[in-house]
1. Just to be sure I understand, how many residues within region 91-109 are of a type in the set (A, V, I, L, M, F, W, C), within 15 Å of the ligand (Cβ to nearest atom) and assigned to a loop (DSSP other than H, G, I, E, B)?
2. Name the residue, out of ARG24, ARG114, ARG10, ARG85, that is assigned to a helix (DSSP H, G or I), out of contact with any Phe, Trp or Tyr (no Cβ under 7 Å at 6 or more places or on another chain), more than 16 Å from the ligand (Cβ to nearest atom) and open to solvent by 10 Å² or more (accessible area, probe 1.4 Å).
3. Can you pull out the residues in region 36-47 that are in contact (Cβ under 8 Å) with a residue 40 or more places away in the chain and not aliphatic (A, V, I, L, M)?
4. Hey, among the residues in region 154-203 that are modelled with pLDDT under 95 and open to solvent by less than 50 Å² (accessible area, probe 1.4 Å), which one's farthest from the chain's Cα centre (by Cα)?
5. From the list PRO195, PRO190, which residue is closer than 18 Å to VAL15 by Cβ, within 13 Å of the ligand (Cβ to nearest atom) and in contact with a helix residue (DSSP H, G or I) (Cβ under 6 Å, 6 or more places away or on another chain)?
6. State the number of residues belonging to region 29-64 that are outside any loop (DSSP other than H, G, I, E, B), within 15 Å of the ligand (Cβ to nearest atom), open to solvent by 10 Å² or more (accessible area, probe 1.4 Å) and in contact with a strand residue (DSSP E or B) (Cβ under 8 Å, 6 or more places away or on another chain).
7. Taking the criterion of being crowded, with 19+ Cβ neighbours inside 10 Å, within 19 Å of THR238 (Cα to Cα) and more than 14 Å from the ligand (Cβ to nearest atom), would at least one residue in region 135-152 satisfy it?
Amino acid sequence: MSTASPDSTRRTVLVTGAGRRLGREIALALAAGGWQVAVHYRNSRADAEKTVADCAALSGDSALFEADLEDEQVTRALLPRVAARFRSVDAVVHSAALFEHDDAASFSYALMERHARSNTGAAILLAQALHDHLARRDAQGAVVHLLDQKLWNPNPDFLSYTLSKAALEAATPMLALALAPRVRVVGVAPGLTLPSHMLDDDKFAQLHKLSPLGRSSTPADVVATVKFALENGSITGTTLLVDGGQHLMKFERDFSLM
Ligand SMILES: NC(=O)c1ccc[n+]([C@@H]2O[C@H](COP(=O)([O-])OP(=O)(O)OC[C@H]3O[C@@H](n4cnc5c(N)ncnc54)[C@H](OP(=O)(O)O)[C@@H]3O)[C@@H](O)[C@H]2O)c1
């Protein structure tokens, strides 16, 4: 699915995991800011089609890209597909993530690898592909990836997920140095922002207040920070925490298990 025709004078961003939840909010906000948005999804096709239609209504053009980011070849091909459709790509926001529970007792290589592929490896491959694409155009751009306040506030839950995000946080300055001056690389680390299948709305509302500021992040806070990171040309190699200060507190369990 795709709408209108690309305008090569306008900026284009690929947002992964943009069918639902935070990825969709980021896609819509960037479209409202004039970006042409490539909407990536894996399973949520109907939701992603709606994101494309809504982005196109805001910015004039948007298109849909299916890819399983656990698959290396599929992931390597994604940014060239976006570049072929829009003629140019200026930025990537990697919001897609696998978030499956394990801990020290249930840990397996299999689940660790799945998290590493979709949450860490895909972000690195997309940054590398953006760099190659921008080098051909002699242009500059940015990659923003979504991290998590729990890296600064560890608990025993979601071991493989946390390792995958910790690896991406460690990769942020490494990529920023390797890809400079062409690509800036910035992490954005939300606190508890949306309820999940493991957390009903009442429990979410209680936990959202558990921070030094009395509120964790809202989707609007996260979106504003992603936009700031994309548009501020002097930021690279660092992570912006957007969590009401939750990373400064100690929690014994993951929010979804509290
Ligand atoms: N929500 C929060 O409160 C919160 C807190 C801290 C950090 N974060 C971070 O912020 C980001 C967005 O959070 P979220 O809650 O919106 O995420 P989410 O709902 O858990 O996942 C977003 C999307 O990731 C996609 N995805 C997962 N594995 C994939 C794969 N192998 N290939 C392609 N796509 C894949 C799925 O797309 P399909 O549905 O199309 O398959 C899913 O809809 C994540 O990186 C998360 O770690 C979120």
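1. 4
2. Only one candidate qualifies: ARG85.
3. The answer is GLN36, HIS40, ARG42.
4. Here the residue is LEU199.
5. PRO190
6. Adding up the residues that qualify gives 5.
7. yes
The values are calculated or read from the model by the stated rules, or taken from the named source; none is laboratory data. Predicted model, so just to flag it, every value in this text is computed and none were measured. For neighbour counting, all protein chains shown are included, and Cβ atoms are generated from backbone atoms with ideal geometry for every residue, glycine included. The area values use the complete protein model at the heavy-atom level, side chains included, leaving out ligands, DNA and RNA. Shrake-Rupley method; radii C 1.70, N 1.55, O 1.52, S 1.80 Å.
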